[in-house]
Amino acid sequence: MERLELVIRNAEEVVTLDELKALMEAKERPRGYVGYEPSGKVHMGHMLTANKLIDLQAAGFQVVVLLADLHAYLNEKGTLEEVRATADYNRDCFIALGLDPEKTEFVYGTDYQLEPEYVKNVLKMARNTTLNRARRSMDEVGRNMDNPHVSQMIYPLMQAVDIAALRVDLAVGGIDQRKIHMLAREEMPKLGLQPPVCLHTPIISGLNGGKMSSSKGNYISVDDSAEDLEKKIISAYCPAKDIEGNPVTELFKYHILPRLGAVTIRRPEKFGGDVTYDKYEALEADYLAGKMHPLDLKKSAVEHLNAILEPVREKMG
Ligand SMILES: Nc1ncnc2c1ncn2[C@@H]1O[C@H](COP(=O)(O)OP(=O)(O)OP(=O)(O)O)[C@@H](O)[C@H]1O
Ligand SMILES: N[C@@H](Cc1ccc(O)cc1)C(=O)O
């Protein structure tokens, strides 16, 4: 696959594609990053951005993973000690998922976010940013946003300054990070900082059809047992001939096919026999046309996802 194609596959948007092309022409090894608030469960949604980082490494990017302990603390996710312990667990999950520790820089927020130069930039940005704008940028990211704390208004400014502090060219995140990234693109130049190109991945659906989220219990986590995985997928929302909010077709699109390249879906002869797909589009077309039954698809998702997650379980032991 061509480098650019690899970088943008399965992305929901790139801001902007022209800037990305220019970046890849200008720099041999551009730097890309994702930041994660440490989370007790690393799920298939988080794994989507991890897949993108693996794509970026394959396309010659340097990759930075920010374990955003201070951000999690500011966003009411626990004490600093708690989030720091979870950050280490998350780093191990990402390595088990295939991010080569030799080639990936793992950085803790608290390693540099209290340095005077960093803090000064955050405060300068605070002078230029209205409360309304900071608040809106947090709509999809902040906890309990009907009654936000001042810490949650500092949060997006810090995320913008991270991009400069970590010397990042390409900021990657789920599409829920979009408003913070737009704030960064607008405010960074006023401080003489280089704004990033941004790449946003889609939001993957949870087992009940809503957004997959650690706080909603509708997730598949990377270290679920084979037994749990099977139970979860077999009872997942998966309407026939419909891919809207369908977590099972999305698992094929975003995880199984990109990782395995091609899959064979096993079926008894009387239901059409085995069928092999090397492109998601072909699978989708068959599913929409009613040529693939939800139960066959689910059983196959269990088999293939198990193949992907087994080494992760072993490493996380
Ligand atoms: N369902 C999802 N699909 C794709 N990406 C996701 C999904 N959920 C979270 N992410 C991405 O993972 C990162 C961390 O998100 P976040 O901490 O909000 O996860 P979460 O599971 O929704 O947590 P919580 O339920 O505690 O809010 C963000 O970059 C976000 O874009
Ligand atoms: N905002 C991200 C976490 C993050 C924090 C700091 C960053 O620089 C980048 C990302 C989230 O929702 O989880």
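Okay, here's what the table says:
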{"read-out": "Scope the range 1-45; condition part of a helix (DSSP H, G or I), within 16 Å of ligand 2 (Cβ to nearest atom) and in contact with a Leu (Cβ under 9 Å, 6 or more places away or on another chain); matching residues", "value": "Met44"}
{"read-out": "Only one of Leu20, Leu56 that is open to solvent by less than 40 Å² (accessible area, probe 1.4 Å), farther than 30 Å from Asp146 by Cβ and away from ligand 1 (no atom under 16 Å from the Cβ)", "value": "Leu20"}
{"read-out": "The range 150-174: number of residues that are open to solvent by 40 Å² or more (accessible area, probe 1.4 Å) and either among the charged types (D, E, K, R) or more than 11 Å from ligand 2 (Cβ to nearest atom) (or both)", "value": "3"}
{"read-out": "Pick from the range 176-188, criterion surrounded by fewer than 23 Cβ atoms within 10 Å (Cβ to Cβ) and touching a Pro at 6+ places or on another chain (Cβ under 6 Å), ranking: nearest to Leu4 (Cα to Cα)", "value": "Arg185"}
{"read-out": "Every residue from the range 296-313 that is free of Cβ contacts under 8 Å to residues at least 60 places away in the same chain and either over 15 Å from Ile233 (Cα atoms) or open to solvent by 50 Å² or more (accessible area, probe 1.4 Å) (or both)", "value": "Glu303, Ala307"}
{"read-out": "Every pair of residues 6+ apart whose Cβ atoms lie under 6 Å, when the first sits in the range 132-148 and is outside the structural domain of Leu183 (by TED's automatic domain parsing) and over 17 Å from Gly78 (Cα atoms) while the second is of a type in the set (A, V, I, L, M, F, W, C) and open to solvent by less than 50 Å² (accessible area, probe 1.4 Å)", "value": "none"}
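The values are calculated or read from the model by the stated rules, or taken from the named source; none is laboratory data. Everything numeric in this text was worked out from a predicted model, so none of it was measured. Ideal geometry is used to build each Cβ from the backbone, glycine not excepted, and the neighbour counts take in all protein chains shown. Protein only, heavy atoms only, side chains kept; ligands, DNA and RNA dropped before computing areas. Shrake-Rupley method; radii C 1.70, N 1.55, O 1.52, S 1.80 Å.
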